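Working notes, structure below.
The values are calculated or read from the model by the stated rules, or taken from the named source; none is laboratory data. A quick note: this is a predicted structure, and the numbers were derived from the prediction, not measured. As a convention, Cβ positions derive from the backbone with ideal geometry for all residues, glycine included, and neighbour counts pool all protein chains shown.
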Amino acid sequence: MTMFTRFIETVIGDKKQWRDYKARARSLPPPYNEAIDALERYVMYFGPGDDPVPLLLDLLDLFEQSAADGTPIRQIVGDDPVEFAETFLNNYPKGNWIVRERRRLTDAINQAASR
Amino acid sequence: MGKQMTEMLKGVLEGIVLALLAVRPAYGYEITARLRERGFAEIAEGTVYALLVRVEQRGYVDVEKVPSEKGPPRKVYSLNPQGREYLDEFWASWGFLAERLDQLHSQPHDEGDRK
C-alpha cells in the first residue's frame, strides 16, 4: 500500500487544502456528495498519487455547480462513470509509480527493438 | 448514441468545443447546451467539463470568473490566440481525414476481392 503511504504524507503536507476539500465535499447535498465520494475513492487508487487535491477541487467545482443547477447525476457523469473518471484523470500529471512504470516499459522495448 | 459513435467523437470533441468557443465565449453548461442544439445529444456535462479543464491547462482558452445568481461563480471560457492556432490545425487535420475517408468510401468496389 505504498500509494496510500505516499498519499498520507501528501495529506500531512497539505493538510489544510485537504481539510478544505473534505469540508466542501461534505456540505454538498445528496446525491452529489455520494457521487463525489465514489469518484474520490477511484481517484485515490488511479489518480495522481502525489497530489490528488487539485484534481479533487476541480471535480468539486463541477459538482457544486451541478448541485446549484439541479443537474441530474447521470447527466453529469454520463452512462459510463469509469470512462468519465479516466477522461478527467488524464488531465493531471500521473503519479510517480505510473510514470516510473511507463519509463521502464519504454526503455525495455527500446532495448529489445535495438537488437 | 452507439458505442462506435462515442469512440469516434472522443477524438474530435476537443476541436468541436474549441470551435463553439470561437463563435463566442461560454461557460460549461452553455457549451453542453450548444452541443445539444447542434445535434450532439448525449454528451455528458462532466465530459465537457473535463475537456474544458484540459484546454485551460494547455493554454488554449482564457478564463474569467463571473458571479452567478445561484451557486458558485461560473467560469467563462474564451478562445485565445493560441487556441485559435490549435483550432486551425484541428480543421486542417479534419479536412485531411475527411478527404481520405471520402475517397475510400466512394471508391468503386474491386470485384476481384470478392470471390
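Quick check, is residue B:87 away from chain A (no Cβ under 14 Å), surrounded by fewer than 16 Cβ atoms within 10 Å (Cβ to Cβ) and either in a loop (DSSP other than H, G, I, E, B) or not β-branched (Val, Ile, Thr) (or both)? Considered against the rule, which asks whether it is away from chain A (no Cβ under 14 Å), surrounded by fewer than 16 Cβ atoms within 10 Å (Cβ to Cβ) and either in a loop (DSSP other than H, G, I, E, B) or not β-branched (Val, Ile, Thr) (or both), residue B:87 comes out as no. For residue B:82, the stated conditions do not hold, so it cannot be described as more than 14 Å from chain A (Cβ to nearest Cβ), surrounded by fewer than 16 Cβ atoms within 10 Å (Cβ to Cβ) and either among the acidic types (Asp, Glu) or without any contact (Cβ under 8 Å) to a residue 12 or more places away in the chain (or both). If you go through segment A:50-69 and keep only what is surrounded by 20 or more Cβ atoms within 10 Å (Cβ to Cβ) and under 19 Å from residue B:33 (Cα atoms), you end up with A:62, A:63, A:65, A:66, A:67. In the condition set (1) at pLDDT 95 or above; (2) assigned to a strand (DSSP E or B), residue B:96 is compliant with all but (2).
Filtering B:75, B:65 for residues that are assigned to a strand (DSSP E or B), modelled with pLDDT of 90 or more and facing another protein chain (nearest Cβ under 10 Å) leaves a single hit, B:75.
Among the conditions (1) at pLDDT 90 or above; (2) on the phi < 0 side of the Ramachandran plot, residue B:59 misses just one, which is (2). Taking segment A:10-115 as the region of interest, the helices (runs of 4 or more DSSP H) fully inside it that hold 3 or more residues being over 25 Å from residue B:60 (Cα atoms) are A:15-26, A:32-46, A:53-69, A:73-77, A:96-113.
Here A:52, A:93 are screened, and the one residue that is without any contact (Cβ under 8 Å) to a residue 60 or more places away in the chain, closer than 19 Å to residue B:54 by Cα, more than 14 Å from chain B (Cβ to nearest Cβ) and under 18 Å from the mean Cα position of the chain (by Cα) is A:52.
Summed over segment B:12-31, the residues that are part of a loop (DSSP other than H, G, I, E, B) and either under 21 Å from residue A:63 (Cβ atoms) or at the interface with another protein chain (Cβ under 10 Å from one of its Cβ atoms) (or both) give a count of 0.
Restricted to segment B:32-49, and to residues there that are more than 13 Å from every other protein chain (Cβ to nearest Cβ) and in a helix (DSSP H, G or I), the residue that is farthest from residue A:39 (Cα to Cα) is B:37. Does segment A:64-82 contain at least one residue that is more than 10 Å from every other protein chain (Cβ to nearest Cβ) and either of a type in the set (A, V, I, L, M) or in contact (Cβ under 8 Å) with a residue 24 or more places away in the chain (or both)? Yes: one or more hits.
Residues in segment A:28-49 that are surrounded by fewer than 14 Cβ atoms within 10 Å (Cβ to Cβ) and within 12 Å of chain B (Cβ to nearest Cβ): A:29 alone.
Whether a residue is over 27 Å from residue B:29 (Cβ atoms), surrounded by fewer than 17 Cβ atoms within 10 Å (Cβ to Cβ) and among the charged types (D, E, K, R) was assessed, and residue A:103 passes this test.
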